[in-house]
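Read through the structure below, which is laid out as structure tokens, and then see the notes.
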Amino acid sequence: MKALSRTLFAAAVAAPLALSSIAAKAADIVDTAVEAGQFETLVAAVQAAGLVETLKGDGPFTVFAPTDEAFAKLPEGTVENLLKPENKDQLVAILTYHVVPGKVMSGDIAGKMTEATTVQGSELTIDAMKGGVQVEEAQVIQADIETSNGVIHVIDTVVLPQ
């Protein structure tokens with residue numbers, strides 16, 4: 001009887017832990033960004049641009065995600081201006097320039113210099129030949145955050161389409 005009650009206790013303790021790890025693995029790009037806490041500006045911009053459902057979609061997507069600190073580097077008033085409804089097209093263009101169709105892990109490009117066509121339609125230069133990975137003028141500061149519908153690579157600068 002003691003063995004049975006220990007087994008039931010262990011199962012009761014383990015079940016929530018197992019469920020939480022399943023939930024963590026199932027988080028999509030948007031939910032992962034929200035939970036991270038360092039992408040509040042990016043999440044607000046994605047919401048203002050009407051891209052939440054897209055980035056919660058099947059994908060897969062590779063997102064080069066600027067941190068709040070990266071957005072803070074932009075000239076004063078830039079983010080506030082981009083979040084205005086009349087600037088939605090420009091905001092969508094900037095955000096989709098940070099997204100590449102498919103799932104590109106750092107190991108896929110290690111030691112290479114390449115270009116990737118973004119969802120916005122322009123080419124994004126990715127240089128993984130030096131120490132670390134450079135995306136245009138941004139440095140990848142954390143790579144390979146896997147989500148249920150792709151991967152996030154954290155960057156230190158907002159990259160702008162030419």
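Quick note: the coordinates plus some simple rules give every number you see, no bench work behind them. This is a predicted model, so every value here is computed, not measured. Please note: Cβ atoms are built from the backbone with ideal geometry, for glycine as well, and neighbour counts cover all protein chains shown.
Taking a Cβ cut-off of under 11 Å around MET113, the surrounding Lys, Arg, Asp and Glu residues balance to a net charge of 0, with basic ones at +1 and acidic ones at -1.
Lysine pair count for the stretch 59-155 (Cα-Cα distance under 29 Å; residues 8 or more apart in sequence or on different chains): 9.
Taking all Cα-Cα distances within the stretch 94-142, those exceeding 15 Å account for 42%.
Scoring 73-82, 45-54, 90-99 by mean Cβ neighbours within 10 Å over their residues and listing the highest first yields 90-99, 45-54, 73-82.
Bridgeable aspartates and glutamates around LYS56 (alpha carbons under 19 Å apart, same-chain partners fewer than 8 residues away excluded): ASP28, ASP31, GLU35, GLU40, ASP144, GLU146. Over the C-alpha trace of the stretch 23-162, radius of gyration and Dmax come out as 14.0, 42 angstrom.
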